[in-house]
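Report on the following structure.
The numbers here are math on the coordinates, done by the rules we state, and not lab data. As the structure is a computational prediction, the values presented were derived from the model and not from experiment. Note that each Cβ is placed from the backbone with ideal geometry, even for glycine, and that neighbours are counted across all protein chains shown.
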Amino acid sequence: MSETPKLQPPSADTIETLVRIVGDRHAIRDEADMAPYLIEWRDRYHGKAALVLMPGSTDEVAAILRCANEARVGVVPQGGNTGLVGAQIPDESGDQIVVSLQRLSHVRDVDLASNTMTVEAGLPLAVAQDVAERAGRFFPLSLASEGSCQIGGVLATNAGGLAVLAYGNARDLALGLEVVLADGRVWHGLKSLRKDNTGYDLRDLFIGSEGTLGIITAAVLRLFPRPMERVTCMAGLSDLERAPEFFTRVHDSAGPMLTAFEILPRIGIEFALKHGNELREPFPTLHAWYLLFELTSPRVGEEPQRLAEALLQEAIEAGEITNAIVATSLKQAQDLWRLREVMSEAQKPEGGSIKHDISVPVARVPEFISRANQLVELLIPGARPVPFGHLGDGNIHYNVSQPIGMDKDVFLANWETLNAAVHEIVLDLGGSISAEHGIGRMKRDLLPHAKGEVAVELMRRIKTSFDPNGILNPGKLL
């Protein structure tokens, strides 16, 4: 393979040209004003930039990339800056420019006959959900960061979220894209077709590419019938080994009505109760593990409610779970989901946290957690694993909080060592080192081992073909 192309710091003339494209009001040069764009919320990656640009149209994005490509200047696309692997943060050289898509936030079209909406990349996910709701439809992608993450970012990372079981990842929710290529050309792929069997699927190349092949500026998103009935349930169990069995029972009976199936450990519940606001114990008695799941239906009636109650009763009799709740009000359902939603945030006050976003076959989730917990205790005695996440699709956020009393920096110095060891277990079980967060900077050096030589070579060929000068999000993913 050829060497990585050599990039250049932007000259004064290049900076002035880039500023003229968006206008002075939408170009940030001051170091202090750029700061929010140069650090991610986990505080792990701190970058520098020569400039932050906020284009207001696809044409402006195209002009920026034409200029940057001619000058061989690295460009880092950024959405809501909620990414968890550092893909949206520039490096420490100060030679790259950040292109924030926040001004591209228009809804271009809502087509109820096609059940689609066409939106720009900077539209916040929560706003997209609201647009669908007002149109009498449902956009199912749901993440903890949905108030600030943007459509372009969730597509660039192929985000998953809570409703993957019924609706799929972000890739499954986008029918068409508009993308600006590295040389400034625009691929006009905004089609709302369900069937388009005309060669290579370019859309799927850009989705999940983390801004390394092009900058997504708009997307055609799928809409669905609005759920008219929603039932939220929580179960307690003492033995995680029975959880896949219970999931299979629910999934087989509920089918597409099962939209979410989450697993929460006791320590995570304790963190949430300790650091969350107005949260309560879900059961009078404590359990080692908690399962949170939801059934929905587009029809009004009692079918999900009756089914949930019957499934829980059967599972208790079969010994798969020991206790259960069916939420009887919207407030109770929201309270149960809040325990899940604050789980990541609630780990921050407990000190350093070493993160993993992995997936393994559902049936092997208990084995993974057991093996990983033993490994953590061996490598860092007293460390506190907090494994939680999407049991229904095998995606576990295997986070490890520092031992009580241990220095945070000393603990976090174990990040790479612990990551490597945990990921070896994942690969041994036929899993993935990144289920929904992406590769970014954090896992770039792990990718060749996880994917294999042939896969990485093919990825590099695609990257070189789309971005021969290597200006798009340099140093990320590959």
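Overview of results
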{"read-out": "Sequence ranges 282-289, 87-94, 308-315, ranked by mean other-Cβ count within 10 angstrom, highest first", "value": "87-94, 308-315, 282-289"}
{"read-out": "Candidates per GluC sites (Glu not before Pro) in region 194-285, loop by DSSP, up to 13 other Cβ within 10 Å", "value": "Glu278"}
{"read-out": "At R0 = 56 Å, FRET efficiency that the Cβ-Cβ distance of Leu112 and Glu377 yields, to 0.05", "value": "0.55"}
{"read-out": "Hz values of 3J(HN,Hα) by residue in region 40-46 - Karplus curve (6.51, -1.76, 1.60), Gly and Pro given as x", "value": "9, 5, 7, 6, 8, 10, 10"}
{"read-out": "Sorted by Cβ neighbour density within 10 Å, fewest at the top, the residues Asp467, Asp59", "value": "Asp59, Asp467"}
{"read-out": "Net charge of Cβ neighbours under 11 Å - reference Asp239; Lys, Arg +1; Asp, Glu -1", "value": "-2"}
{"read-out": "Proximal charge balance of Phe293 [Cβ under 12 Å; K/R count +1, D/E count -1]", "value": "+1"}
{"read-out": "Cα centroid of region 379-431 to Cα centroid of region 106-125, whole Å", "value": "38"}
{"read-out": "Pairs of Lys in the chain closer than 19 Å at Cα, counting only those 8 or more apart or on different chains", "value": "15"}
{"read-out": "Pairwise FRET efficiency - Arg230 versus Leu202, Cβ, R0 = 30 Å, nearest 0.05", "value": "0.25"}
{"read-out": "Qualifying GluC sites (Glu not before Pro) for region 1-46 [loop in DSSP, other Cβ within 10 Å: at most 13]", "value": "Glu3"}
{"read-out": "Theoretical FRET efficiency, 1/(1+(r/R0)^6), r = Cβ-Cβ of Arg29 and Lys274, R0 45 Å, to 0.05", "value": "0.60"}
{"read-out": "Chymotrypsin sites (Phe, Trp or Tyr not before Pro) restricted to region 105-203 and DSSP loop, no more than 12 other C-beta within 10 Å", "value": "Tyr200"}
{"read-out": "Gained length - Ala126 relative to Arg444, 0.36 nm times residue gap less alpha-carbon distance", "value": "111.5 nm"}
{"read-out": "Tensor-based shape of region 229-341 (alpha-carbon gyration tensor, a/c under 1.5 rounded, otherwise prolate or oblate)", "value": "oblate"}
